[in-house]
1. Going from the alpha-carbon gyration tensor of the chain, what semi-axes, largest first and in whole Å, does one get by taking the root of 5 times each eigenvalue?
2. By how many degrees, 0 to 90 and rounded to 10, does the Cα axis of helix 8-37 deviate from the longest principal axis of the chain?
3. Tell me the per residue accessible area of the chain using a 1.4 Å probe; a whole number in Å² is fine.
4. Per-residue HN-Hα couplings for the stretch 56-65, Karplus 6.51 cos²θ - 1.76 cosθ + 1.60 at θ = phi - 60°, whole Hz, x for Gly and Pro?
5. Which is the longest stretch in the chain that no exposed loop site breaks, taking sites as trypsin sites (Lys or Arg not before Pro) with a DSSP loop state and at most 13 other Cβ atoms within 10 Å?
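The values are calculated or read from the model by the stated rules, or taken from the named source; none is laboratory data. Everything numeric here is computed off the predicted structure, so don't read it as measured data. Glycine also receives a Cβ, built like all others from the backbone with ideal geometry; neighbour counts cover every protein chain displayed. Note: accessible area is taken over every heavy atom of the protein model, side chains too, but ligands, DNA and RNA are not part of it. Shrake-Rupley method; radii C 1.70, N 1.55, O 1.52, S 1.80 Å.
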Amino acid sequence: MRVRTVDITLFFIVLLLLAIGIVMVYSASSIQAYVRLGDALYYAKRQLLWALLGIGAAVLMLRVDY
């Protein structure tokens, strides 16, 4: 069985892009979320949840031997 390695540079670039995206979502929606829902972080939390689920799915797919 071959041991797969993760390209660490690509991994950190993806994490950086995810972080920038979450900050952008917060920046674009915080006022509207606060006025409508009373929680300025509502949309950022949802985005973070889906990002974490996506990372989890990616890690799971790394473990699948094709």
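1. 33, 13, 5
2. With rounding to tens, the tilt is 20 degrees.
3. 89 Å²
4. Running phi through 6.51 cos²θ - 1.76 cosθ + 1.60 with θ = phi - 60° gives x, 5, 5, 5, 4, 5, 5, 7, 7, 8 Hz.
5. 5-66
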